[in-house]
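Everything on this sheet refers to the single structure shown next.
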C-alpha cells in the first residue's frame with residue numbers, strides 16, 4: 001500500500017481530522033485531491049457531500065443531472081449562485097437525491113408547485129427559501145409535509161400570510177424558523193407559531209408591527225433560546241410575556257419603540273440571557289439599565305442609538321458584566337469618556353463600538369488599557385486625533401479598526417499603527433488629511449484583508465505604491481479618491497487575492513488601466529461607476545470569470561452593446577446607465 005492507493009476509509013479519516021483541527025477546509029481538500037491520480041479522484045467523488053453549482057453555459061436541469069450522476073452521495077445543495085435560473089425544474093432534479101439533508105435557495109424563481117416535489121425527501125432537515133417571492137400559503141402546505149425539517153428560512157417571502165403558517169404547526173421536529181421581512185405575518189400568525197413547541201430559534205424581524213396580543217402567544221414556546229422581534233409595536237405589557245421565556249439566551253428588541261424602562265425591568269427574570277439588542281429603543285433611559293446588574297452572564301450588549309442613555313447609569317451596569325465580550329454604543333450621543341474609564345475591568349471584552357459618541361482621545365486611552373480588544377469602531381467621532389491612535393497602537397490583539405470620518409487623523413496617527421501586525425481590517429474613509437506618505441505605515445501590515453480609503457482625496461498613484469505588498473488584501477475601497485489615475489492601478493496588479501475593488505468616482509481611471517485589473521482573476525465585485533471607461537476597457541474584463549457584480553453607472557462612453565462582450569461570464573450582474 002502506497003500514498004497513491006490509500007484505502008478510502010483512511011482518506012476519510014485524514015479529511016475528518018484535518019477539518020476538525022482547522023488545518024484545512026474539507027471542500028478545498030476534495031477539490032485538490034481530485035487532481036492527484038485516479039484513485040484519489042474516485043475517493044473525492046465519493047466523498048463529495050456538498051455542492052454549490054455554477055451553471056456556465058448549461059441549462060439548470062443539465063447541470064443538476066450532471067451533479068447527480070457524478071456525485072451520488074451529495075447531502076447539501078446550495079443554489080444561491082444560480083438564483084436567476086433556479087426554477088421548479090431544479091427542484092425536480094433535487095427531489096431525486098434521496099440522501100439530501102440541506103437545500104438552500106436565494107431569490108429563486110421556484111413556485112408552490114416546485115415545493116410539492118420536495119415532499120419525497122425523507123431526510124431533508126434544512127430548507128432555506130430566502131427571497132423566493134413566488135411562494136405563497138399554498139407552498140407552505142407542501143412544506144408542511146416534510147416532517148423531517150429542523151430548520152426553515154422564509155426570509156423575504158412576501159406572499160406568506162398568517163393563514164399559511166397553520167401548515168407549519170405539524171412540523172414537530174422544527175427547531176429554527178426564520179420569517180424576517182414576511183410583511184403579511186401579523187399577530188394571528190404568532191398564535192400559530194406558538195403551537196410549534198419544539199422551536200428554539202425564531203426570527204420575525206421586520207414583519208408587521210406585532211402588538212402585546214401577538215407576543216402573548218409566544219409564552220408557550222418554553223424551549224425558545226433565540227428570539228428576534230425587531231421593529232414591533234408591543235409595549236411593556238408584552239415585555240412581561242417575554243420574561244416568561246426562561247430559556248432565552250438571545251433577544252433582539254431593536255427598534256421596538258414602545259418599550260420603556262418599566263418593560264426593561266421585567267427582563268430581570270431572564271438570568272440566562274447572553275445577548276441583548278435594544279438598538280433604537282428611544283424610550284429607554286439610563287434608569288432602564290439597572291437590570292444589567294442581574295443579567296450577569298451577558299456576553300453581547302447592543303445599545304446603539306439609544307439617545308437617552310448617559311454615562312453614570314451605564315457605567316454602573318457594565319461593572320457587573322464580567323463575561324461581556326461585545327459592547328455596541330454607536331449613536332449614543334450622550335456617552336462620553338467617563339463611561340469608558342472602567343472598561344479595563346472587563347477582561348473578556350473583545351469588541352467595542354463608540355461610533356457617533358462624544359468620546360475623545362482620553363476615551364481611547366481608557367480603551368487602550370483593554371488588552372483583550374480585537375475590534376474597535378470609532379467612526380464619525382470628531383474629537384479623535386493622532387493622540388488617540390497612539391493609545392490604540394498598544395492593542396496588540398487588535399484585528400479590526402474603524403475611524404472613518406475622524407478628520408483630525410494624519411500620517412502621525414497611522415504611524416502609531418505600524419506595529420499592529422494582527423490588523424486585518426482598517427477603515428479610514430473620509431479622513432481627508434491622509435496623504436501618500438501616510439500609506440507607507442499601512443503598507444507593512446501584511447495581514448490586512450480589508451482596507452477602506454474612500455474619499456481620501458490626497459491619496460494619489462504614489463500612495464498606492466505603498467500598498468503593493470499587501471498580498472492578503474481581498475477588499476479595497478478607493479471610491480471618490482479623485483486623484484487616483486491609470487498609473488496608480490499599475491501598483492494593484494500583484495494584489496491577486498482581491499475579491500472586491502471599488503473605484504467609484506475615480507475619473508482618472510480610463511481604458512488603459514483595465515489591463516492592470518484584468519489580471520485580478522479572483523475579483524467577484526468591481527465598481528467602476530463614474531470612471532472614464534469605453535467599450536475597449538470593458539472588453540478587457542472578459543477574462544474575469546469569477547466576477548459576479550460589475551457597476552458601470554455613469555460611464556457615459558459605454559453602451560449596452562459594448563457591455564454585451566461580458567456575456568460569457570456566468571452569473572454576472574451588470575449595473576449600468578447607457579447612451580443608446
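Each value in this text was obtained by applying a stated rule to the coordinates, not by laboratory testing. None of the values given here were measured: they were computed from a predicted structure. Using ideal geometry, Cβ is built from the backbone for each residue, glycine included, and neighbour counts are taken over all protein chains shown.
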#### Entry: Fraction of antiparallel bridges per DSSP, the stretch 63-182 only, in percent to nearest 5
0
#### Entry: Residue list for the stretch 366-399, given a label point 7 angstrom along the Cα-to-Cβ vector of residue 437 and an amide N cut-off under 18 Å
386-387
### Message
At 7 Å along Cα-to-Cβ for each site, give me the label-to-label distance between residue 446 and residue 348 in nm.
### Response
3.6
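Semi-axes of the equivalent ellipsoid for the stretch 223-345, please: Cα gyration tensor eigenvalues, times 5, square-rooted, ordered largest first, whole Å.
Values: eigenvalues 91, 55, 28 Å².
They are 21, 17, 12 Å, listed from largest to smallest.
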### Summary
Listing 436, 113 by rising number of other beta-carbon atoms within 10 angstrom, fewest first, gives 113, 436
#### Entry: Mean separation of Cα contacts under 8 Å (6+ apart) over length of the chain, as relative contact order %
5
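Can you tell me how much longer the chain between residue 141 and residue 323 gets when fully stretched, taken as 0.36 nm per residue apart minus their C-alpha distance, in nm with one decimal? Don't skip to the answer; put the middle values down first.
Details: separation 182, 0.36 × 182 = 65.52 nm, distance 4.39 nm.
Separation in residues times 0.36 nm, less the Cα-Cα distance, equals 61.1 nm.
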### Task
Could you work out the per residue convex hull volume over the alpha carbons of the stretch 63-182, in cubic angstrom?
82
### Query
How far apart, in nm, are two points set 7 Å out from the Cα along the Cα-to-Cβ line at residue 577 and at residue 195?
5.2
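With the contact rule set at Cα under 8 Å and sequence spacing of 6 or more, what percent relative contact order holds for the stretch 63-182?
Values: 276 pairs, mean separation 24.4, N = 120.
Averaging sequence separation for qualifying contacts and normalising by length gives 20 percent for the stretch 63-182.
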#### Entry: Distance between modelled label sites at residue 296 and residue 545, nm, 7 Å Cα→Cβ extension
5.9
### Query
Of 291, 110, how do they rank once you tally other Cβ atoms within 10 Å and put the fewest first?
291, 110
#### Entry: Ranked list, fewest to most other Cβ atoms within 10 Å of each Cβ, for 278, 569
569, 278
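Using a Förster radius of 30 Å, what is the FRET efficiency between residue 471 and residue 411 based on their Cβ-Cβ separation? Nearest 0.05, please.
For R0 = 30 Å, the calculated efficiency reads 0.80.
At 0.36 nm per residue, and after removing the present C-alpha to C-alpha distance, how many nm does the segment from residue 397 to residue 96 gain when stretched out fully? Working shown, then result.
Values: separation 301, 0.36 × 301 = 108.36 nm, distance 4.94 nm.
Value of the extension gain: 103.4 nm.
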### Task
Report, largest value first, the span of the C-alpha coordinates of the chain along each principal axis, in whole Å.
64, 64, 64
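Go ahead and estimate [θ] at 222 nm for the chain from helices alone: -39,500 (n - 2.57) per DSSP H run with n ≥ 4, summed, over the residue count, rounded to 500.
Details: 23 runs with 146 residues, N = 580.
Calculated at 222 nm, the ellipticity per residue is -6000 deg cm²/dmol.
To the nearest 0.05, how large is the calculated FRET efficiency for residue 418 and residue 163 if R₀ is 56 Å and r is the Cβ-Cβ distance?
Values: r = 61 Å, r/R0 = 1.09.
Computed FRET efficiency for residue 418 and residue 163: 0.35.
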### Query
Which log10 I(q)/I(0) values, to two decimals, does the stretch 400-559 give at q = 0.11, 0.13, 0.19 Å⁻¹ under the Debye formula with one point per Cα?
-0.39, -0.55, -1.15
